[in-house]
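Structure first, commentary second.
Just so you know, all these numbers are worked out from the coordinates, no wet-lab data involved. What you see is a predicted model, and the numbers here were worked out from it, not measured in a lab. Positions of Cβ are generated from backbone atoms using ideal geometry, with glycine treated the same way; all protein chains shown enter the neighbour counts.
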Amino acid sequence: MQISAKADYAVRALVELAADSARPLTCEGIASAQDIPFRFLKSVFRDLRQAGLVRSQRGCEGGYWIGRDPAAISVAEVMTAVDGEFLTLRGARPDTLSYPGVARGLPDLWRAVEAAAQSVLGRTTIAELAAEGARSRGAGTGSPARAASPAVPA
């Protein structure tokens, strides 16, 4: 199973936003903190904004905020927001597959893989990931993404 760079970057960006929501983060600050290519992250934020997972404000006081309660945003929802279908096999959904002959049972395996991944990623929230990151980072350290950097238009 392969998780796209877009999905990985989207989850990492939302965890940054959830870690400290006192003020907006700039796209540039998040890209720097998470070692994500800035131009790529801008396109990820476009998808996240369309899905209502982030909100933005232009200007010197601008940046991005998480769009909803991070405890209500699952990793599966983020992946679907940026990639479309949760899991596909050669572009087809597992529930649409059928194989002939002795491989007839294989689509059942792919559906089980999708269900297992959906179960884990569907119950894992952005808030949980942010809290775990904060625990492992230690109390009292601020997010590098909060560094003063010029606001990027949304």
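Values computed for the structure shown
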| quantity | calculated |
| --- | --- |
| Structure-derived Cα Rg over 2.2 N^0.38 Å: which label, when the choices are [x] 0.97; [y] 1.19; [z] 1.01 | [y] |
| Length released on extending from R58 to A116, taking residue separation times 0.36 nm less the Cα-Cα span | 16.9 nm |
| Residue-by-residue Karplus 3J(HN,Hα) for segment 102-114, coefficients 6.51, -1.76, 1.60, Hz, glycine and proline x | 5, 8, 3, x, 4, x, 4, 5, 4, 5, 5, 4, 4 |
| Cβ-based charge dipole, the chain, positive-most Cα from T88, I30, G133 | I30 |
| Charge dipole (debye, nearest 20) of segment 16-73; +1 at Cβ of Lys and Arg, -1 at Cβ of Asp and Glu | 280 debye |
| Neighbour net charge for A7 - beta-carbon separation under 14 angstrom, K R +1, D E -1 | -3 |
| Most mobile of G52, G105, G29 in a GNM of the chain (Cα contacts under 10 Å) | G105 |
| Most fluctuating residue given options T96, T26, T80, as computed from a GNM of the chain linking Cα atoms under 10 Å | T96 |
| Between 0 and 90°, nearest 10: helix 38-50 axis offset from the chain longest Cα axis | 70 degrees |
| Choice from P100, P70, P24 showing the highest fluctuation, given a GNM over the chain with Cα pairs closer than 10 Å | P100 |
| Amide H contacts of I73 (H built 1.01 Å from N, under 5 Å, at least 5 apart or other chain) | I126, A127 |
| Inter-site label distance for R135 and K42 at 7 Å from Cα along Cβ, in nm | 3.8 nm |
| Dipole of the chain [Lys/Arg +1, Asp/Glu -1 at C-beta], most positive-end residue of L106, A71, V11 | V11 |
| CD proxy at 222 nm, helix term only [per DSSP H run n ≥ 4: -39500 (n - 2.57); per residue of the chain; nearest 500] | -15500 deg cm²/dmol |
| Prolate/oblate/rounded call for segment 11-62, Cα gyration tensor, a/c under 1.5 rounded | rounded |
| Total charge dipole magnitude, the chain, about the Cα centre, Cβ charges on Lys, Arg, Asp, Glu only, Debye to nearest 20 | 260 debye |
| Dmax and Rg, reported as Rg then Dmax, of segment 53-98 (C-alpha, Å) | 15.9, 55 |
| Additional length obtainable on full extension of the chain from D20 to T88, 0.36 nm per residue less Cα span | 21.1 nm |
| Point-charge dipole on Cβ atoms (K/R +1, D/E -1) for segment 1-44, about Cα centre, debye to 20 | 160 debye |
